[in-house]
Amino acid sequence: MSALSVAGVVFAVIFVAELPDKTSLTSLTLATRQPPAWVWLGAALAFLVHTALAVAAGSALALVPPLAVRMVSGLAFLAFGALMWWRGEGGRGEAAAGERVRGERAFGRVVLEAAALVFVAEFGDLTQFAIAALAARLHHPLVVGAAAWAGLVAAAFVAVVVGGRLGAWAGGQRLQRVAAVVLAALGTSVLLGFNVGGI
């Protein structure tokens, strides 16, 4: 299989697999409250690290105990849900700062928050294992890595655009509360071992 064919197959498989995933839902949820481009950048950075790990480690990722992955992911979702709810409570005095926080400090905080949450959500995810398996099987690790990262980033782009539209349409504290509940529900379902988005 040529490198171009490998890239096309890997991109398509990863993009389609990631769209209904909990990680895309995480990006969508964050983009309802924060600038979508900043959330997307954080997601892209997290995906870059995950793709590099998957390609480099290959099947070694399967050695991470599933229970440990589930516990860390679930607790992170719950923590970010609580944080989002809490920010909604204190938002009255910050109304002048706007629904979407601006400024250099805010930019770094949003990017890091998105990167951290997406990183935890994606760790041990089926798409990460798929990237490792594709890299091992197709014998083009750099091509697989680049195409997989592009697929992940494209899916995150779709998610943050939808989230940004929802945030602009609905706006306000109510939407932040809904986002907090969604993150808490994801955390609870992950901790209980339910499949979320096929994961």
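The values are calculated or read from the model by the stated rules, or taken from the named source; none is laboratory data. This structure is a prediction, so every number in the text was calculated from the model and none was measured. Glycine also receives a Cβ, built like all others from the backbone with ideal geometry; neighbour counts cover every protein chain displayed.
Laid out as a table, the results:
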read-out	value
Filter result for the condition that a residue is at pLDDT below 80, of a type outside the set (Lys, Arg), within 30 Å of Arg137 (Cα to Cα) and crowded, with 18+ Cβ neighbours inside 10 Å, over Ser73, Ser59	Ser73
Test set (1) modelled with pLDDT of 85 or more; (2) assigned to a loop (DSSP other than H, G, I, E, B) - Val101 fails condition number	(1)
Test result for Ala121, surrounded by fewer than 20 Cβ atoms within 10 Å (Cβ to Cβ) and at pLDDT 80 or above	no
Only listed residue being more than 20 Å from Trp40 (Cβ to Cβ), touching a Leu at 6+ places or on another chain (Cβ under 9 Å), part of a helix (DSSP H, G or I) and modelled with pLDDT of 80 or more, chosen from Ala132, Ala114	Ala132
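One line per residue, one yes/no per condition, for (1) out of contact with any Gly (no Cβ under 6 Å at 6 or more places or on another chain); (2) closer than 21 Å to Val190 by Cβ; (3) in a helix (DSSP H, G or I):
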| residue | (1), (2), (3) |
| --- | --- |
| Ala7 | yes, no, yes |
| Val10 | yes, no, yes |
| Leu28 | no, yes, yes |
| Val39 | yes, yes, yes |
| Leu45 | yes, no, yes |
